[in-house]
Amino acid sequence: MADPDDTTVPGGDFAETLPPAPSTPAPAQESKGSTHAPDRLVFFFGGFDPKGARFYHRLFRNGIAQRNATHDQTLAIGKRHRVGRWTSVWPALWRGAPRAGGGRPPTMRTRFHFMRWDDIVRQHWQRGPWRLARDYWHVYAGGALAGVLARIRRQAPAAFGLALFPLNVALLSFVSGLLGVGGALLWTDMLPPLPALLTGLACGVVAWRMIATWIGCERLLRFYGFMREHAIGEVPALDERERPAVPPCLQGLGA
């Protein structure tokens, strides 16, 4: 069964003018006027996102279909193909508005190279309770003790405020539970002081987990935790992928 993402938005001669990118270099250099060569090459590196080429190809395809419905200039996207271990490729064609004299409209061919590292992200994406707690400790307590947060605050106040967002959600939830629930239980003499405060704290923890999941603020924490791990050399797979491959015939030279 064909991959559901390997479909082509209708684009006239697009299927003929943009064949799939070869998985190995062509044996002979293409001529200057060959229609196989794109006008542009775009290398796309996603952010810290576990979604891969299939998701982004579908996103391109759906967005292009919506755009074409309201524009004279049209876009078409071709099938997605895997090239090597870490790259997926798909072609795109821009066609200008129809000419007044009936001539052929201008076109531009683009080949998108999706550079994969989503497999590495997925290995670091899931955060269980203990790993999540470790991220909070390393990012906030460790960052404060090492002076990292202070430097960020001086040089990039907006980034500093964004970095504190997950922590602020947690603290506000705890305080709200303690004051709202614990304080109410204590004020009405429904529970002694210690059980009332513990009940309020438990409610704050539940509220924290619900709010953090709802707004997705801990996505930032995952990213900060990953950056820290990468900075101290705990993501060797990413280091290896960033390092350019050395042909076997050159290995050992310059050591």
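The values are calculated or read from the model by the stated rules, or taken from the named source; none is laboratory data. This one's a predicted model, so the numbers in the text were calculated from it and none came from an experiment. With ideal geometry, Cβ positions are generated from the backbone for all residues, glycine too; neighbour counts draw on all protein chains shown. The accessibility values were calculated without ligands, DNA or RNA, using every heavy atom of the protein model including side chains. Shrake-Rupley method; radii C 1.70, N 1.55, O 1.52, S 1.80 Å.
Within segment 102-148, being open to solvent by 70 Å² or more (accessible area, probe 1.4 Å), at pLDDT below 90 and within 21 Å of residue 71 (Cβ to Cβ) holds for one residue alone: 104. Cβ separations smaller than 8 Å between residues 6+ apart or across chains give the following pairs from segment 75-90 residues that are closer than 26 Å to residue 105 by Cβ to residues that are of a type in the set (Val, Ile, Thr) and open to solvent by 50 Å² or more (accessible area, probe 1.4 Å): 76/8; 77/8; 78/8; 79/7; 79/8. Pairing each residue of segment 111-140 that is farther than 30 Å from residue 75 by Cβ and touching a residue at least 60 places away in the same chain (Cβ under 8 Å) with any residue that is open to solvent by 40 Å² or more (accessible area, probe 1.4 Å) and small (Gly, Ala, Ser), provided the two are 6+ apart or on different chains, yields C-beta distances under 8 Å for 120/237; 123/237. Entry remark, segment 231-248: residues being within 19 Å of residue 115 (Cβ to Cβ) and at pLDDT 85 or above number 4 in total. Selection of segment 81-108 for residues being over 25 Å from residue 45 (Cα atoms) and either of a type in the set (Ser, Thr, Tyr) or within 20 Å of the chain's Cα centre (by Cα) (or both) yields only 107.
So, in segment 43-54, of the ones that are surrounded by fewer than 19 Cβ atoms within 10 Å (Cβ to Cβ) and of a type in the set (A, V, I, L, M, F, W, C), which residue ends up farthest from residue 218 (Cα to Cα)? Selected residue: 43.
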